[in-house]
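Read through the structure below, which is laid out as structure tokens, and then see the notes.
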Amino acid sequence: MYNSEAYKAVYDRFEMRRIKKEKEAEENRKKAVAAVPQIETIDAKLVALATEAVRKSLGNEPQSVKKRAVRELKEKSVELQAQKIELLVTGGFPEDFLDEKYSCRRCGDKGFVNGKMCDCFRKELNRECYMRTKLASIIEEQNFKNFDLDYYDDEMIPEYGRSARENMKLVLEYCKEYAKNFSLSSPNLLLTGQPGLGKTFTSSSIAKEVIDRGFYVLYDSWQTILARMENAKFKNSGDDVSDILGCELLIIDDLGAEFKTQFSESALYNVINTRLVAKKPTIISTNLMPEELSETYHERICSRVLGEYTTIVFLGTDIRLQKLQRASGRKKKKAAERQQTR
């Protein structure tokens, strides 16, 4: 289920695009007919042949007779089309001057084929949906291409049997494959670990890859998602929240930072359980470790998350602090260099 406002925006865009193309085609036809009047006569003959072909196909004659008659009419139509193209070229126009040049030949910029959503409409709708979330402003920087493993050290962590760098290499490999092969049968993921270890960076990287493959992704913090649900329920805001349950991949960032109430617990259970039942993948990132989740949320929530989600643990030292320390070190170094040149 798509956000209704996003859907309307894309539908209107397609409608305007199609009408524009049709107007352009009609203007081209007027120009061609004004220069080569015989084209109008050929068009009238083509319409008559098409009408006759329909009449013949619905007639009472034997099937073989009908097929032969329709075939002959099609052959005449092809001959007339060839004459039309010849007249266009003679009149100084390109062969395809009268063709309707739609952006998508499959649907003719209508967005639908036989009542089903065309891939072109679906891709534009997916993009419209994520442009309406905070994801649009971060995925240009936070994606797999920009992931820097230098912030993870090689010191062995005994309880995990590997270093933070080794762990992050495994995490990246798994998440890249997850995004590359994403489908509605993909597992749910729980990204857990201390703040500043790349959970948000990793989940936004997954989102970008999945969106680029044409899936509908909704990405936001749990606080923002919860606020939308509260406004829809208690303030009659008119906010359409069907996309939260209906998107093909939901990414919930920063679970555990919200102010907990009876409603927030109920809303969280509803989102997690509904999507599990509907078999729609969800990714949750949180600073809470699994044992802390059990202390924070009701058992019915934890049993579903810890039992139905693949847990991915992030290890290391806060990258944000490392960046601040490096920036501070560079400033001190530049200051020292300036002192030496005086």
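For the residues Val70, Val36, the requirement of being hydrophobic (A, V, I, L, M, F, W, C), more than 27 Å from Lys101 (Cβ to Cβ) and surrounded by 13 or more Cβ atoms within 10 Å (Cβ to Cβ) singles out Val70.
Could you tell me which residue of region 53-66 is modelled with the lowest pLDDT, considering only residues that are surrounded by 15 or more Cβ atoms within 10 Å (Cβ to Cβ) and closer than 20 Å to Gln81 by Cβ? That would be Lys56.
Of all the numbered requirements in (1) among the hydroxyl-bearing types (Ser, Thr, Tyr); (2) in contact with a helix residue (DSSP H, G or I) (Cβ under 7 Å, 6 or more places away or on another chain); (3) not in a strand (DSSP E or B), Ser266 misses one, and that requirement is (2). Being within 30 Å of Glu173 (Cβ to Cβ), surrounded by fewer than 16 Cβ atoms within 10 Å (Cβ to Cβ) and more than 24 Å from the chain's Cα centre (by Cα) holds for only one residue in Thr311, Thr261, and it is Thr311. The residues in region 197-227 that are at pLDDT below 90 and more than 16 Å from Thr282 (Cα to Cα) can be counted, and the count is 3. For Ser64, the stated conditions do not hold, so it cannot be described as in contact (Cβ under 8 Å) with a residue 12 or more places away in the chain and of a type outside the set (D, E, K, R). Whenever a residue of region 259-282 is closer than 16 Å to Leu218 by Cβ, its partners that are of a type in the set (S, T, N, Q) and in a helix (DSSP H, G or I), lying with C-beta atoms within less than 9 angstrom and at least six residues away or across chains, give the pairs Lys280/Thr274.
Selection of region 276-326 for residues being closer than 22 Å to Asp154 by Cα and in a helix (DSSP H, G or I) yields Ile319, Arg320, Leu321, Gln322, Lys323, Leu324, Gln325, Arg326.
When you look at Glu141, is it closer than 22 Å to Asp318 by Cβ, within 19 Å of the chain's Cα centre (by Cα), modelled with pLDDT under 85 and acidic (Asp, Glu), yes or no? Here the answer is yes, as Glu141 does meet what is asked.
When you look at Lys145, is it under 30 Å from Asp253 (Cβ atoms), charged (D, E, K, R) and in the same structural domain as Leu250 (by TED's automatic domain parsing), yes or no? The answer is yes for Lys145. If you go through region 203-239 and keep only what is in contact with a helix residue (DSSP H, G or I) (Cβ under 6 Å, 6 or more places away or on another chain), over 13 Å from Tyr130 (Cα atoms) and either among the charged types (D, E, K, R) or not assigned by TED's automatic domain parsing to the domain that holds Gly256 (or both), you end up with just Asp239.
The values are calculated or read from the model by the stated rules, or taken from the named source; none is laboratory data. Keep in mind that what you see is a predicted model, and the values were worked out from it rather than measured. Note: ideal-geometry Cβ built from the backbone for every residue, glycine included; neighbour counts use all protein chains shown.
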